[in-house]
Amino acid sequence: MHAEKKEKKVKVTKKMNIDFPSAIVEEIIARLPTKSLIRFLGMSKEWYSYRSNGKLDKLRSKLALDEQLIRILSIVL
């Protein structure tokens, strides 16, 4: 039997108490413009940890490459 991996939840605000799966938060943070990303990463230690573990950089690089590929294909086709 495989043990199911429990996904870590991220608390968005203290007032609203809304929890989002960490994968969704990472995806949202990765899509922010650089200036906003720098500002938001300073808001929480947990959000900053996405930057410090290198996962965020890899995701942002992948998104940038995907965007470039879409631009090239739209020109060619």
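Neighbour counts of C-beta atoms inside 10 Å place K35, K55 in the sequence K35, K55, starting with the fewest. Charge tally around I38: other residues with Cβ under 15 Å, Lys/Arg +1 each, Asp/Glu -1 each, net +4.
Put simply, the amide H of F20, placed in the peptide plane, has neighbours under 5 Å in V10, V12, leaving out anything fewer than 5 places away on its chain. Both radii come from the Cα set of the range 9-76: Rg as radius of gyration, Rh as Kirkwood radius; their ratio Rg/Rh reads 1.07.
Taken together, the values in this text are just the output of simple stated rules run on the coordinates, not laboratory data. Only a predicted model underlies this, so the values are computations on that prediction, with no experimental measurement involved. Note: ideal-geometry Cβ built from the backbone for every residue, glycine included; neighbour counts use all protein chains shown.
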